[in-house]
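Peer 1: I have a structure here, written as structure tokens, and I will follow up with some questions on it.
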Amino acid sequence: MSHPVRTRFAPSPTGYLHIGGARTALFAWAYARRHGGTFILRIEDTDVARSTPEAVQAILDGMAWLGLAHDEGPFYQMQRMDRYKEVIAQMLVAGTAYHCYMAPDELERLREEQMARKEKPRYDGRWRPEAGKVLPAPPTGVQPVVRFRNPFDGVVAWDDQVKGRIEISNGELDDFIIARADGTPTYNFCVVVDDWDMGITHVIRGDDHVNNTPRQINLLQALGAPVPQYAHLSMILGDDGTKLSKRHGAVSVMQYDDDGYLPEAVLNYLARLGWSHGDEEVFSMEQFVQWFDLDHITSSAAQFNTEKLNWLNAHYLKSAVDARLAGEVAQRLAKRGIDPEAGAPLEQVAALYKDRVANLNELADALEPFCVVVHPSAEMIATHLTDVARAALKMLRGKLAECAWEKAAISAAMKETLAACGLKMPQVAMPLRVALLGQPQSPAIDAVLAVLGRDEVLGRLDRYL
RNA sequence: GUCCCUAUCGUCUAGAGGCCUAGGACAAUACCCUUUCACGGUAUGAACCGGGGUUCGAAUCCCCGUGGGGACGCCA
């Protein structure tokens, strides 16, 4: 507890915020919250060619939808160039970095030779200054890159908070480039300077960065900077067990909004994917933050399971406040060109349907017939609105025109009609559903009538009588 | 190829040497509830990758295979 916890989420704005990034952000956010720390958002936009302002916005939107608020930032690496260049200059002076004039094609050739010899491809250190070593004369007209002088022997080790102790021999590493020929700094270098400057105490990030960690630790140490704790999260696989890709599965979190998921369902699902707290399955973010720890993160990859997400979403839909649901559905209906004010009060209809659907689009589908004139198919009319049924509906209509407009009275009117016609409930309820909503399934019919309103019910009925 | 990570029901997972005849959840199946369709309830089936150790005792620790994933960029 001596140091306040500071975590960060550091996406590169080359695309939207996808489900894997969202989980990384969630865990980093939760860890900071859990320890009363600070959650920082940093945009790693040094890849100018692929970074876009749209992607930055998409990431911000995704975070906002999920409710993952950052305490500091967003910081943009492109705005920190002066600082990076300052550090590089210092390293050059200190001798922890050096200029390398090797041409890219020359480097490429070296790599190919090494691969052919079944060796790990790495820079051979030809421009690395050593005591007593004579360096070639720098070729004229060539802009050098700057390489980090990585320790030659020994091992780099850290206690990964999710994977345990990891040791990498320095012999596996090479003198990687920290500044390109045009002077711009590279990823591993920027990350290190940023994590240092921003006082990051816990680096919680994707598993694909395990290989970068030893390089970053070496750099940090060369800089005399403190080494943070690292926690590497395993990746999320697609529904079919294969790697998520743009082609399948790796959709924007905003797609889940479009698909009718509630953010709390997505959050709960993500929290439970790769982390656990005993048998707990359903919990709020408040509860999650209280429970969250690095010790119970799974170290192996997890397969995304849409069905479980659906179940959670249905669960949160059931317990959602009617007014909120009505608002969400109204927006969706409006997008379909339907006036949500046109029919029965949406809030009441939503209450009737919310425990029968798995997402907001299904809810909108269910509420739509309450707002528009429905046109059941000829086949459905033939099947349900038989002469017998119509006769019963006609009698029912008479009673409905006069009874008190509430569930019990409506139910009584139906029962009287059934008795008078010698019919069973479904024989009248089904045709009634078809006439009113255009489909033979609905919640309890008396409740549907009550909510639709007398005028609407009688009007819709009259089209068939 | 080299290095690193990883392995419990179909899926997410519980499990820190005896509480494990391996627990929960989703999904599946059956039944119950029911005014249709759902919701809900109850029940059932379903797993420790293989082989060696260590130990009185291993899902848990170690080694070797095998499977899966990642990294080896003047990308991040």
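Peer 1: Please compute the modelled spin-label separation between A:E406 and A:V388, points set 7 Å along Cα→Cβ, answer in nm with one decimal.
Peer 2: Reported label-point gap for A:V388 and A:E406 is 3.5 nm.
Peer 1: Then there is this: Considering the zone a paramagnetic label at A:Q331 would reach in this model (a point 7 Å from Cα along the Cα-to-Cβ line), which residues of segment A:45-71 have amide N under 17 Å from it?
Peer 2: A:58-68
Peer 1: Provide, for q = 0.06 Å⁻¹, the log10 of I(q)/I(0) from a solvent-free Debye sum over equal Cα point scatterers in chain A.
Peer 2: Reported log10 I(q)/I(0), two decimals: -0.43.
Peer 1: Please list, by residue number, every one of the trypsin sites (Lys or Arg not before Pro) in segment A:392-465 that is coil in DSSP and has at most 14 other beta-carbon atoms within 10 Å.
Peer 2: Numbers: sites: A:K394, A:R397, A:K399, A:K407, A:K415, A:K424, A:R433, A:R454, A:R460, A:R463; in loops: A:K424, A:R463.
Answer by residue number: A:K424, A:R463.
Peer 1: Moving to a separate point now. Need the full-extension length gain, A:N212 to A:D239, defined as separation in residues times 0.36 nm minus the C-alpha distance. One decimal, nm. Provide the component values of the computation, followed by the final result.
Peer 2: Values: separation 27, 0.36 × 27 = 9.72 nm, distance 2.81 nm.
Full-extension gain reported as 6.9 nm.
Peer 1: In nm, what is the difference between 0.36 nm times the number of residues separating A:D124 and A:A181 and their Cα-Cα distance? List each step's numbers first, then the result.
Peer 2: Numbers: separation 57, 0.36 × 57 = 20.52 nm, distance 1.82 nm.
Net length gain for the segment: 18.7 nm.
Peer 1: Dipole of segment A:243-384, Cα-centred, from +1 at each Lys and Arg C-beta and -1 at each Asp and Glu C-beta, to the nearest 20 debye?
Peer 2: Details: 12 positive and 21 negative charges, 98 e Å.
Around 480 debye, computed over segment A:243-384.
Peer 1: Hey, got the dipole for chain A? About the Cα centre, +1 on K and R Cβ, -1 on D and E Cβ, debye to the nearest 20? All intermediate terms of the calculation are to be shown ahead of the outcome.
Peer 2: Details: 49 positive and 61 negative charges, 83 e Å.
Here chain A has a charge dipole of around 400 debye.
Peer 1: Segment A:272-380: which GluC sites (Glu not before Pro) are DSSP loop and have at most 16 other beta-carbon atoms within 10 angstrom? Kindly include the intermediate steps, with their values, before the conclusion.
Peer 2: Working: sites: A:E280, A:E281, A:E286, A:E307, A:E328, A:E341, A:E347, A:E362, A:E379; in loops: A:E280, A:E281, A:E341.
Sparse-neighbourhood loop GluC sites (Glu not before Pro): A:E280, A:E281, A:E341.
Peer 1: Restricting to Cα pairs below 8 Å that are 6+ residues apart, what does the relative contact order work out to for segment A:159-290? Please round to a whole percent.
Peer 2: Contact order relative to length: 21 percent.
Peer 1: Are there any GluC sites (Glu not before Pro) in segment A:382-455 that are in a DSSP loop and have at most 13 other Cβ atoms within 10 Å? List them by number.
Peer 2: On the way: sites: A:E402, A:E406, A:E416; in loops: A:E402, A:E406.
Within segment A:382-455, the qualifying GluC sites (Glu not before Pro) (loop, at most 13 other Cβ atoms within 10 Å) are A:E402, A:E406.
Peer 1: Sticking with this one: Which number comes out as Rg/Rh for segment A:1-113 once both Rg and the Kirkwood Rh are worked out on C-alpha atoms? Write down the numbers at each step before the final one.
Peer 2: On the way: Rg = 18.3 Å, Rh = 16.6 Å.
With Rh from the inverse mean 1/r over Cα pairs, Rg/Rh is 1.10.
Peer 1: Related question: Please compute the contact order of segment A:251-364 in relative form: average sequence separation of alpha-carbon pairs under 8 Å and at least six residues apart, divided by the residue count, as a percent.
Peer 2: Relative contact order comes out at 32 percent.
Peer 1: Something else about it: Does segment A:155-211 classify as rounded, prolate or oblate by the C-alpha gyration tensor (a ≥ b ≥ c root eigenvalues; a/c under 1.5 gives rounded; else a/b over b/c gives prolate, otherwise oblate)?
Peer 2: Values: a/c = 2.40, a/b = 1.33, b/c = 1.80.
Judged from the Cα gyration tensor, segment A:155-211 comes out oblate (a/c at least 1.5, b/c at or above a/b).
Peer 1: Label segment A:376-451 by shape, choosing from rounded, prolate and oblate, from the square roots a ≥ b ≥ c of the eigenvalues of the Cα gyration tensor; if a/c is under 1.5 it is rounded, and otherwise prolate applies when a/b is larger than b/c, oblate when it is not. Walk me through the intermediate numbers first.
Peer 2: Numbers: a/c = 1.95, a/b = 1.33, b/c = 1.47.
Oblate, because a/c is 1.5 or more while a/b does not exceed b/c.
Peer 1: Modelling each spin label as a point 7 Å along the Cα-to-Cβ direction, I'd like the A:K415/A:L135 distance in nm, to one decimal.
Peer 2: Computed distance between label sites A:K415 and A:L135 equals 9.7 nm.
Peer 1: Say the dipole of chain A comes from +1 at the beta carbon of Lys and Arg and -1 at that of Asp and Glu; which of A:L237, A:Q287, A:L449 then lies farthest toward its positive end?
Peer 2: Of the options given, the answer is A:L449.
Peer 1: Tell me the label-point distance for the pair A:R463, A:D159, using the 7 Å Cα-to-Cβ offset, in nm and rounded to one decimal.
Peer 2: If labels sit at A:R463 and A:D159, their model points lie 7.1 nm apart.
Peer 1: Another one. Pairs of alpha-carbon atoms within less than 8 angstrom and 6+ residues apart define the contacts here; what relative contact order does chain A have, in percent? Numbers along the way, then the final one.
Peer 2: Numbers: 691 pairs, mean separation 56.8, N = 465.
Contact order relative to length: 12 percent.
Peer 1: Something else now. For helix A:425-437, what angle does its Cα long axis make with the longest principal axis of chain A, in degrees from 0 to 90 and rounded to 10?
Peer 2: That helix lies at roughly 60 degrees to the long axis.
Peer 1: In degrees from 0 to 90, rounded to the nearest 10, what is the angle of the helix A:387-400 Cα long axis to the longest principal axis of chain A?
Peer 2: For helix A:387-400, the angle is close to 90 degrees.
Peer 1: With no solvent and one point per C-alpha, what does the Debye sum give as log10 I(q)/I(0) for segment A:181-223 at q = 0.22 Å⁻¹?
Peer 2: Log10 I(q)/I(0), no solvent term: -0.78.
Peer 1: While we're looking at this one, here's another question. What FRET efficiency do you get for A:M380 and A:V321 if R0 is 30 Å and r is their Cβ-Cβ distance, rounded to the nearest 0.05? Can you show the working numbers first?
Peer 2: Values: r = 34 Å, r/R0 = 1.14.
Once the sixth-power term is evaluated, E becomes 0.30.
Since every read-out is calculated from the coordinates, none of them should be taken as a lab result. Fair warning: this is a prediction, and the values are worked out from it, not measured in the lab. Please note: Cβ atoms are built from the backbone with ideal geometry, for glycine as well, and neighbour counts cover all protein chains shown.
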